[in-house]
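The values are calculated or read from the model by the stated rules, or taken from the named source; none is laboratory data. All of these numbers come straight from a predicted model, not from anything done at the bench. Neighbour counts run over all protein chains shown; Cβ positions are idealised from the backbone, glycine included. Each accessible area value is taken on the protein alone, full model and side chains, heavy atoms only, with ligands, DNA and RNA left out. Shrake-Rupley method; radii C 1.70, N 1.55, O 1.52, S 1.80 Å.
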Amino acid sequence: MRLFKTVAGLRAYLASRRNTQSIGLVPTMGALHEGHISLIRRAMTEMDLVVVSIFVNPLQFAPQEDLDKYPRQLAQDCQYCEELGVKAVFAPTPEEMGIDEMTTRVIPPPSMLSQLCGPLRPGHFQGVATIVTKLLNIVSPQVAYFGEKDAQQLAIIRQLVTDLKLPILIKSCPIIREPSGLAYSSRNQYLSAQERDQALVLYHSLQQAKQAFQQGERQGPILIDLVQQKLAFTPFLKVQYVSLVHPETLNSLETVEEVGLLAIAAYVGSTRLIDNVMLKVRQPIIAIDGPAGAGKSTVTRRVAQALNLTYLDTGAMYRAIAWLLLQSGIALEDESAIAELVAQARLEFHNPPQIIINGEDVTQAIRTPEVTALVSQISAQGAVRNQLLKYQQEMGKRGGIVAEGRDIGTHVFPDAEVKIFLTASVQERARRRLLDFQAQGQAEINLAQLEQEIEQRDYRDSHRLIAPLRQAIDAIELNTDGLTIQEVTDKIIALCQAKLPELRAVN
C-alpha cells in the first residue's frame with residue numbers, strides 16, 4: 001500500500017494505471033469503523049484499484065463544532081486499509097487541498113439545503129461539496145462510494161455529479177450497525193455506556209415507523225409522530241428534527257408514493273448523531289448476473305414467469321445497440337460517433353420481451369452471431385452504458401422485475417433484494433451455445449471456436465474499465481454445470497422465496 005500526502009504524488013501514481021485498471025474512491029474523514037470498512041470492501045470487490053482518502057475537512061465544521069477534537073488516527077487507519085488490500089491512501093493537509101479564505105466554494109441547490117441538517121449546519125454542505133469535488137477531480141475514479149447514513153450528503157453529491165457533468169458513478173452502501181442496532185459513526189466513541197443505551201432509541205423509533213409502513217401506513221405526519229412518540233420517553237435526548245423527505249430531491253413528503261427517507265438528528269449528551277431508514281413502495285428486484293453463456297436469459301425469463309414478475313432483458317438492450325451500430329456502418333473504434341448514435345436512439349422495451357429501436361422491432365434480429373460477437377465490445381463503452389443505465393434504473397423504480405446481465409447486482413440495481421451469480425465452465429457454456437446456433441440452422445459454428453470466443457469474452461468482460469463483470473459482494477453464486485434449465489430455475493425460485501416469503505410461485 002502507498003500513502004500519498006500530495007496531489008502530485010497521487011496523480012503520478014494513478015496516471016500509470018488509469019488505462020489498464022478501474023479506479024474506485026472511498027472518501028472518508030478517517031477514524032475508520034465498520035461502516036467505512038464495508039464501503040472499502042464493496043469497492044475492493046468491484047474495482048481493480050481502490051483509493052481511500054482520509055481528510056478531516058475544515059470547511060464542513062462550524063466554529064462551535066468539534067473540528068479540533070474530531071478523532072484522528074492515521075496510522076491505525078492505514079493499517080486497516082493495508083489489511084483490506086487498498087492500494088493507495090490519500091491523506092493531504094488542508095494546505096495541500098488549497099483550503100484558505102480564497103478557496104472557490106461549490107454551493108449545492110438551495111432547496112437541498114433547506115431540509116434536514118441544512119438549516120442547522122449553515123455552510124456544512126457547501127464545505128462537503130467543495131472538498132468532494134476536489135477529491136473527484138484529483139482521483140478521477142470511475143466509481144465513488146458513500147454510505148447511506150449520511151443521506152443528505154449522498155443526495156447532494158449525486159446532484160453535484162449530475163449538474164457538473166462529471167463522468168463518475170456514485171454508489172451508495174447500506175448503513176452498518178453495531179449488534180445493538182446503533183449506526184456506526186466516528187462520533188460513537190464520544191458516548192458513555194449510558195449514552196450508548198440512550199442512543200438506541202434512534203434506531204428503535206425508526207424501526208417502529210418502518211413496521212407501520214410495511215403494514216400499509218403511507219402518511220408522513222403519522223409516521224413522523226410514531227418516531228416522536230418513541231423518542232419522547234428517552235431522557236437527556238435533544239431531538240433536532242424528525243423529517244420525511246424524498247431521498248433524491250430532499251423535498252418534504254406528506255405521503256410516501258414511491259420512496260421516502262425518514263431521518264433523525266439528535267444530541268445524546270453532547271454528541272450529535274444522525275440516523276435514517278428508507279421506506280420503499282415497490283415490489284422486489286431480483287438481479288441475475290454471470291458470464292456469457294451461463295444460461296441467464298432463459299432462466300431469468302422462467303423465474304420471472306414463475307413468480308409473476310416482469311422479465312427485464314438488459315442484455316437484449318445492449319444487443320439492440322450493437323444491431324444499430326452494425327446497421328449504421330460506424331466503426332467500433334469511433335466512440336464519439338457511437339455516443340452520438342446512442343444518445344439519439346429511441347429504445348423501447350415491452351413485456352413480454354420485445355425490443356424496438358427507432359421504431360423497428362429487432363427482437364429476433366439481435367440474436368445473430370454478428371450481433372453476439374459485438375455485444376461485449378459495445379457494452380464496454382461508457383456512453384452506451386450510461387445511456388442504458390438510466391433507462392434500466394428508471395424501469396426499476398417500481399420494482400417487480402427480474403433482470404439479467406453482467407453488472408445488474410453491482411451497478412444497475414445494487415439495492416436488489418436478491419442477487420444471484422450464475423456461472424458454468426467454459427466447456428459447458430460453449431456446448432449450450434452450440435445447441436442454440438444449431439437450433440437456428442447455423443451448423444457452420446464449431447465447439448472449439450465457441451470455447452475460444454467465450455474465453456475471450458470472459459476476459460474482456462472481467463477486465464473492461466467500465467462496469468467489469470464481478471460477483472456482487474452480497475450475491476449468491478450458483479454453478480450450473482450438470483444442471484438442467486428447470487433445475488437452475490427451481491433453485492433460484494427457492495432462494496428468492498427463502499429471502500422474500502411474500503413471493504409466491506404461479507402454478
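Here is a yes/no grid of residues against (1) modelled with pLDDT of 90 or more; (2) buried (at least 23 other Cβ atoms within 10 Å of the Cβ); (3) under 17 Å from residue 318 (Cβ atoms):
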residue	(1), (2), (3)
394	no, no, yes
399	yes, no, no
406	no, yes, yes
411	no, yes, yes
417	yes, no, no
427	yes, no, no
431	no, no, no
Within the stretch 202-214, work out how many residues are at pLDDT 95 or above and either surrounded by fewer than 21 Cβ atoms within 10 Å (Cβ to Cβ) or within 16 Å of residue 246 (Cβ to Cβ) (or both).
8
Going through the stretch 348-360 in order, the residues found to be over 11 Å from residue 323 (Cβ atoms) and either modelled with pLDDT of 90 or more or among the polar types (S, T, N, Q) (or both) are 351, 354, 356, 359
Among the residues of the stretch 256-286, which ones are farther than 30 Å from residue 194 by Cβ, open to solvent by less than 10 Å² (accessible area, probe 1.4 Å) and in a strand (DSSP E or B)?
260, 279, 285, 286
Filter pass, residue 147 being modelled with pLDDT of 95 or more and open to solvent by less than 10 Å² (accessible area, probe 1.4 Å)
no
Within the stretch 55-83, count every residue that is within 26 Å of residue 273 (Cβ to Cβ) and either part of a helix (DSSP H, G or I) or charged (D, E, K, R) (or both).
13
In the stretch 154-176, is there at least one residue being more than 27 Å from residue 466 (Cβ to Cβ) and surrounded by fewer than 21 Cβ atoms within 10 Å (Cβ to Cβ)?
yes
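Could you please give the count of residues in the stretch 102-113 that are exposed (fewer than 10 other Cβ atoms within 10 Å of the Cβ) and either farther than 17 Å from residue 125 by Cα or of a type in the set (A, V, I, L, M) (or both)?
1
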Which one of these does residue 73 not meet: (1) of a type in the set (S, T, N, Q); (2) farther than 28 Å from residue 463 by Cβ; (3) buried (at least 21 other Cβ atoms within 10 Å of the Cβ)?
(3)
Among the residues of the stretch 287-340, count how many are buried (at least 19 other Cβ atoms within 10 Å of the Cβ), over 21 Å from the mean Cα position of the chain (by Cα), within 24 Å of residue 382 (Cβ to Cβ) and aliphatic (A, V, I, L, M).
8
Applying the selection to the stretch 357-388, what residues are part of a strand (DSSP E or B) and open to solvent by 30 Å² or more (accessible area, probe 1.4 Å)?
360, 361
Here are some conditions: (1) modelled with pLDDT of 90 or more; (2) under 15 Å from residue 289 (Cβ atoms). Residue 462 meets all but one. Which one does it not meet?
(1)
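Table: residues versus (1) in contact with a strand residue (DSSP E or B) (Cβ under 6 Å, 6 or more places away or on another chain); (2) surrounded by 13 or more Cβ atoms within 10 Å (Cβ to Cβ); (3) closer than 22 Å to residue 367 by Cα.
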| position | (1), (2), (3) |
| --- | --- |
| 424 | no, yes, yes |
| 445 | no, yes, yes |
| 475 | yes, yes, no |
| 493 | no, yes, no |
| 497 | no, yes, no |
| 504 | no, no, no |
Name the single residue, out of those in the stretch 56-70 being farther than 16 Å from residue 125 by Cβ and of a type in the set (Asp, Glu), that is surrounded by the fewest Cβ atoms within 10 Å (Cβ to Cβ).
68
Determine, yes or no, whether residue 197 is open to solvent by 40 Å² or more (accessible area, probe 1.4 Å), of a type outside the set (S, T, N, Q), out of contact with any Lys or Arg (no Cβ under 6 Å at 6 or more places or on another chain) and within 30 Å of residue 109 (Cβ to Cβ).
no
It is to be established whether one or more residues within the stretch 454-464 are under 29 Å from residue 340 (Cβ atoms), assigned to a loop (DSSP other than H, G, I, E, B), touching a residue at least 24 places away in the same chain (Cβ under 8 Å) and out of contact with any strand residue (DSSP E or B) (no Cβ under 8 Å at 6 or more places or on another chain).
yes
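Please determine, by comparing only the residues of the stretch 97-155 that are among the charged types (D, E, K, R) and touching a residue at least 24 places away in the same chain (Cβ under 8 Å), which one is nearest to residue 11 (Cα to Cα).
134
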